[in-house]
Every structure is written in structure tokens, then in C-alpha cells.
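This is the structure I want to talk about, given as C-alpha cells.
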Amino acid sequence: MSTPLLQVDNLESYYGPVLAIRGVSLSVESGQIVSVLGANGAGKTTLLKTLSGVMNPEKGSVSLNGDTLTGLPPEQVVARGVIHVPEGREIFPLLSVADNLAMGAFLRRDRDAIARDHEMVLDYFPVLRERLAQAAGTLSGGQQQMLAIGRGLMANPRIMLLDEPSLGLSPRLVGEIFDIIKRLNTEQGVTLMLVEQNARVALSIAHHAYVMELGRVVMSDSAEKMRQSRDIQQFYLGEQEDGVRGQRRWKARKTWR
């Protein structure tokens, strides 16, 4: 049996005194898109911060292709190929689009490959090519999300962690962003872990999915079976497109077994 690209075992992390993720175990195979679903406060963002080294786990382990990442500082996690595109984009607003992309490749020394990846990013996000000299903070929300993903691609990721890429975007832009994410996976072989509250669009492009509730993984299956699940349909897919009412009912439910 092959070793998963990313393996997480019995992970626990705290926000101050609060246990935010509890015994989380999951895996991501190379070439997959894996979606992590759950209501606000389920622990999804904490999970990504722990995987990328921004937060240190209290217990458990994280490994990439069999090599331990647990306890490494964020810059070493990045150097090993785990690239985190955080919620809210966190681009450098005063720097140009070109400089933001260059920052993504800060740890790389392979100039020819960097140049090829730069062209690849601009091919996938042609609006950025038109705005290379523009200050990143003056871009629209959708353009900033494209820049954040593009900057992540410039780091040559072995796996990219995307946190709420649809946040604050119009349905048209959400569709555009997710079409590009799917193309990056199918055409470039980019492996992705996607945290997303819009379950409908997340499951439409994923191979596998996990559901988190109160810091735990409470459901795991193929994305296709998730789409057919009565629980998922009731709490996410049967409500408004943004899932708001479904999330409220999900949070009100005490158990998921």
C-alpha cells in the first residue's frame, strides 16, 4: 500500500486554553483534491494552521510523504512543499502584483523553473498579467484571491492548503475560482486540501471529503458518496447556496453518528 502524500494522526491543538482540534486523523493522496467541511467553529482553520506549522500541536503527528513535519517552524514546512493560502488572502497590499508573486518563490533558487511557473500562473489568471505593476491592495476581492492562489503556486507546492477561497466572492467569481482550482489539479497535478463552507461547490471538485464538528472528524467518504448522503443534503446541500441556514442547524445538532 502506497504512503499518502499527507498523513495526519491523532492531532490535537489548542487556542489558548481551548482544545480546538481533537484527535484528528486524515490523509491526502498525491493528485487528490480533499475537502474539509464543517460549520464555523468546527476547527477547520485551526487544522490548516497546525498542518502548516503556524500552530504547534499538543499531540499527534503530521508527515509529508513519510517525513515528519510535526514541530517544524512554518518556513521549513513551506520549504518541504506545504503551502498555506489563508482565509482572507493575506496578500501584501502595498506591494505590486509582480512583487507578491515573487514573494511566493522567496525560498526557491531554480530561476528557470520560477520563470516557467510565473508564466503558468499568469496563463491561469490572465487578469493578473494585466495588473503586474498595480498595488495588490487595489485589486478586487476576486483578483486578490487569484493573486493569493498564484503566490502559493509560485512556491512550487507539493500540497496546497486553501482556506475558504470562496469567502466574500460573488457566485460568478466563486465558479471561476473553483474552475481554475479544478484545472490546476487535472492539468498540473496540484494536490489540494480545501477548507470550504460552500459544500456544494467544494464537493463538486473534490475526490474525498471529511466533515468536522467541534474539533473532531465525524465523517469521511468519497466526495460522490458525500453528495448522496442524506445528512449532507439536509445540513448543507438542501439549503441556501451559501449554506448559512444549514450551518446553523448543523451547529445546533448535538451528535453526528
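Just need a number here: residues in region 20-37 that are under 18 Å from VAL85 (Cβ atoms) and of a type in the set (Gly, Ala, Ser). Give the derivation first.
First, pick out the residues of region 20-37 that are under 18 Å from VAL85 (Cβ atoms): 28, 32-37.
Narrowing the set further to residues that are of a type in the set (Gly, Ala, Ser) leaves 35.
Residues that pass the stated criteria total 1.
Kindly provide the set of residues from region 22-44 that are closer than 25 Å to ILE205 by Cβ and surrounded by fewer than 22 Cβ atoms within 10 Å (Cβ to Cβ), ordered by number. If you could, list the steps in order and put the result at the bottom.
Restricting attention to region 22-44, the residues satisfying the condition of being closer than 25 Å to ILE205 by Cβ are 24-44.
Answer for region 22-44, where residues must be closer than 25 Å to ILE205 by Cβ and surrounded by fewer than 22 Cβ atoms within 10 Å (Cβ to Cβ): SER25, LEU26, SER27, GLU29, SER30, GLY31, GLN32, ASN40, GLY41.
Of all residues in region 90-107, which are assigned to a loop (DSSP other than H, G, I, E, B), of a type in the set (A, V, I, L, M, F, W, C) and in contact with a helix residue (DSSP H, G or I) (Cβ under 8 Å, 6 or more places away or on another chain)? Walk me through how you get there before you give the answer.
In the first step, residues of region 90-107 are kept if they are assigned to a loop (DSSP other than H, G, I, E, B); the result is 90-95, 105-107.
Checking which are of a type in the set (A, V, I, L, M, F, W, C) leaves us with 91-92, 94-95, 105-107.
Answer for region 90-107, where residues must be assigned to a loop (DSSP other than H, G, I, E, B), of a type in the set (A, V, I, L, M, F, W, C) and in contact with a helix residue (DSSP H, G or I) (Cβ under 8 Å, 6 or more places away or on another chain): ILE91, PHE92, LEU94, LEU95, ALA105, LEU107.
Could we say that ALA206 is in contact (Cβ under 8 Å) with a residue 24 or more places away in the chain, touching a Phe, Trp or Tyr at 6+ places or on another chain (Cβ under 9 Å) and more than 24 Å from ALA113 (Cβ to Cβ) here? Walk me through it before giving the result.
Numbers: in contact (Cβ under 8 Å) with a residue 24 or more places away in the chain: yes; touching a Phe, Trp or Tyr at 6+ places or on another chain (Cβ under 9 Å): no; more than 24 Å from ALA113 (Cβ to Cβ): yes.
Judged against the criteria, ALA206 is not a match.
Additional query: Take the residues in region 1-21 that are closer than 21 Å to HIS207 by Cβ and β-branched (Val, Ile, Thr); name whichever of them is surrounded by the fewest Cβ atoms within 10 Å (Cβ to Cβ).
Of the residues in region 1-21, the ones closer than 21 Å to HIS207 by Cβ are 1-9.
Those left that are additionally β-branched (Val, Ile, Thr): 3, 8.
Numbers: THR3: 14, VAL8: 24.
Ranking the qualifying residues of region 1-21, first place goes to THR3.
Tell me which of these GLY60 doesn't satisfy, since it passes every other one: (1) surrounded by fewer than 22 Cβ atoms within 10 Å (Cβ to Cβ); (2) in contact with a Lys or Arg (Cβ under 8 Å, 6 or more places away or on another chain); (3) on the phi > 0 side of the Ramachandran plot.
(2)
A further question follows. Is it true that TYR210 is of a type in the set (Phe, Trp, Tyr), modelled with pLDDT of 90 or more and more than 23 Å from ASN100 (Cβ to Cβ)?
Numbers: of a type in the set (Phe, Trp, Tyr): yes; modelled with pLDDT of 90 or more: yes; more than 23 Å from ASN100 (Cβ to Cβ): yes.
Considered against the rule, which asks whether it is of a type in the set (Phe, Trp, Tyr), modelled with pLDDT of 90 or more and more than 23 Å from ASN100 (Cβ to Cβ), TYR210 comes out as yes.
Which of (1) at pLDDT 95 or above; (2) farther than 24 Å from ALA98 by Cβ is the odd one out, the single condition ARG200 does not satisfy?
Unmet for ARG200, out of (1) at pLDDT 95 or above; (2) farther than 24 Å from ALA98 by Cβ: (1).
The values are calculated or read from the model by the stated rules, or taken from the named source; none is laboratory data. Given the structure is predicted, the values throughout are model-derived calculations rather than measurements. No Cβ is skipped: glycine too gets one built from the backbone with ideal geometry, and neighbour counts run over all protein chains shown.
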